[in-house]
Amino acid sequence: MNRLQIIAAALALLFAGSVPADKTAGNYVDDSAIQAKVKTALMGDNFFKGVGVNIEMHKGIVQLGGWVDSAEFAAKAEKQAAAVEGVRMVDNQLHVKPGAVSMGQSLDDGVITTRVKGTISDADLGKGLAINVDTYGGVVLLTGFVQGADSKAHAEELAAGVANVTRVINGIYAY
């Protein structure tokens with residue numbers, strides 16, 4: 001057995017307990033490596049400049065999620081992610097911020113995000129759950145991957161029921 005095979009086998013054993021049921025250990029390792037390459041590509045030219053963008057992977061599909069300052073930024077991020085070797089598709093869920101928010105609203109957004117995350121984590125939405133929650137101006141953006149359209153719809157219902165949520169954008173990718 002060569003060194004690369006030994007490393008691959010060790011990683012497979014290491015991740016076997018935490019791999020979602022619909023993925024093999026090899027899929028998990030491949031997605032993790034591609035995700036790292038996408039992050040590197042997007043950060044390479046100081047592209048993010050402190051912007052919080054979620055980068056999730058599932059079987060070669062990259063999902064970019066979060067709030068950005070311009071449509072140009074979102075398009076550039078998508079183009080750079082798509083150029084990474086191993087990326088089969090980019091699901092661009094980067095949304096332009098709908099205007100400026102006050103410091104008070106920013107604090108409220110943090111509370112909303114925490115409440116939505118708690119509500120979703122307390123619910124049984126099935127296996128393979130990976131949902132990100134980002135709030136801006138009372139608007140909740142849900143991104144990530146779930147198994148099945150029912151889980152996606154239920155996550156949106158749960159988020160909409162949280163106090164002070166003005167709207168929910170459901171960018172979850174259901175597979």
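Values as computed for the structure displayed
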item: Flagged links, alpha-carbon separation over 19 Å, of LYS37/LYS59; LYS39/LYS76; LYS79/LYS152; LYS39/LYS97; LYS39/LYS117; LYS76/LYS97; result: LYS79/LYS152; LYS39/LYS97; LYS39/LYS117
item: Least to most buried among SER102, SER151, SER32 (fewest other Cβ within 10 Å first); result: SER102, SER32, SER151
item: ³J(HN,Hα), Karplus 6.51/-1.76/1.60, whole Hz, each residue of region 147-158, x for Gly, Pro; result: 8, x, 5, 5, 5, 4, 5, 5, 4, 5, 4, 5
item: Share antiparallel - DSSP beta bridges, region 103-174, percent rounded to 5; result: 55
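Each reported figure results from applying straightforward, stated rules to the coordinates on display, with no laboratory input. Small disclaimer: the values here were computed from a predicted structure and weren't measured. No Cβ is skipped: glycine too gets one built from the backbone with ideal geometry, and neighbour counts run over all protein chains shown.
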